[in-house]
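**Student:** Take this structure, written in structure tokens, and hold onto it; I'll ask about it next.
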Amino acid sequence: VQLQASGGGLVQTGGSLRLSCTVSGRIFSISAMSWYRQAPGKQRELVASITTGDRTDYSDSVKGRFTISRDNAKDTVYLQMNSLKPEDTAVYYCYAAPKFSPNNYWGQGTLVTVSS
């Protein structure tokens, strides 16, 4: 199983980015998917999650600005990030939690930098 995240970059305050995470290994359709982030000197935190039934949840800090979605045909989860703020600067990681499995999986991370 591999998770390949992409889409990070440098953006100005108020800008937008869309992150993607493609999952190999035939687990995507049975996995709840999440995005986490870790800013320098801080702990990794949950940003958004989506279940296999498309139920979504967001941290208070991104609610109303970020949207998580999934495309089961492409084995890909997305994070659309709008109205970005400097405090959104972090390495963003995707995370897969397959049903009926003791194993969970992390992607390699993609850096998002928001300049003020």
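**Student:** Where does each of Asp88, Asp60, Asp54, Asp71 land when they are ordered by accessible area, with a 1.4 Å probe and the largest first?
**Tutor:** Asp60, Asp54, Asp71, Asp88
**Student:** Any idea what Rg and Dmax come out to for the range 1-70 if you just take the C-alpha atoms, in Å?
**Tutor:** My reading of the Cα-based Rg and Dmax gives 13.1, 37 Å.
**Student:** To the nearest 20 Debye, how big is the dipole of the chain about its Cα centre, given +1 on the beta carbon of each Lys and Arg and -1 on that of each Asp and Glu?
**Tutor:** About 80 debye.
**Student:** Ignoring any ligand, DNA or RNA, what whole percent of the accessible area of the chain comes from carbon and sulfur when the probe is 1.4 angstrom?
**Tutor:** It is 47 percent, rounded to a whole number.
**Student:** Over the range 39-84, how many percent of alpha carbon pairs lie in each 10 Å bin up to the one with the longest distance?
**Tutor:** All Cα pairs, binned at 10 Å, distribute as 24, 49, 24, 2 percent.
**Student:** Considering only protein heavy atoms, what is the solvent-accessible area of Ser115 at a probe of 1.4 Å, reported in Å² to the nearest 10?
**Tutor:** Approximately 40 Å² for this residue.
**Student:** Suppose R0 equals 30 Å. What FRET efficiency, 1/(1 + (r/R0)^6) with r the Cβ-Cβ distance, do Ser6 and Thr52 give to the nearest 0.05?
**Tutor:** It comes to 0.85.
**Student:** In the full protein assembly as shown, how much of Lys74 is accessible to a 1.4 Å probe, in Å² to the nearest 10?
**Tutor:** Probe radius 1.4 Å; accessible area of Lys74 about 120 Å².
**Student:** Continuing with this model, one more query. Using a Cα distance threshold of under 25 Å, what count of lysine pairs results for the chain when pairs must be 8 or more residues apart or interchain?
**Tutor:** Eligible lysine pairs with Cα atoms under 25 Å apart amount to 4.
**Student:** Still on this model: Could you give the nm distance between label points at Ser69 and Trp106, where each point is 7 Å from its Cα heading toward the beta carbon?
**Tutor:** 2.8
The values are calculated or read from the model by the stated rules, or taken from the named source; none is laboratory data. Here the structure is a predicted model, which is why all the values come from computation and not from measurement. Cβ coordinates were reconstructed from backbone atoms using ideal geometry, including for glycine residues, and neighbour counts include every protein chain displayed. Heads up: the accessible areas ignore ligands, DNA and RNA and are worked out on the full protein's heavy atoms, side chains in. Shrake-Rupley method; radii C 1.70, N 1.55, O 1.52, S 1.80 Å.
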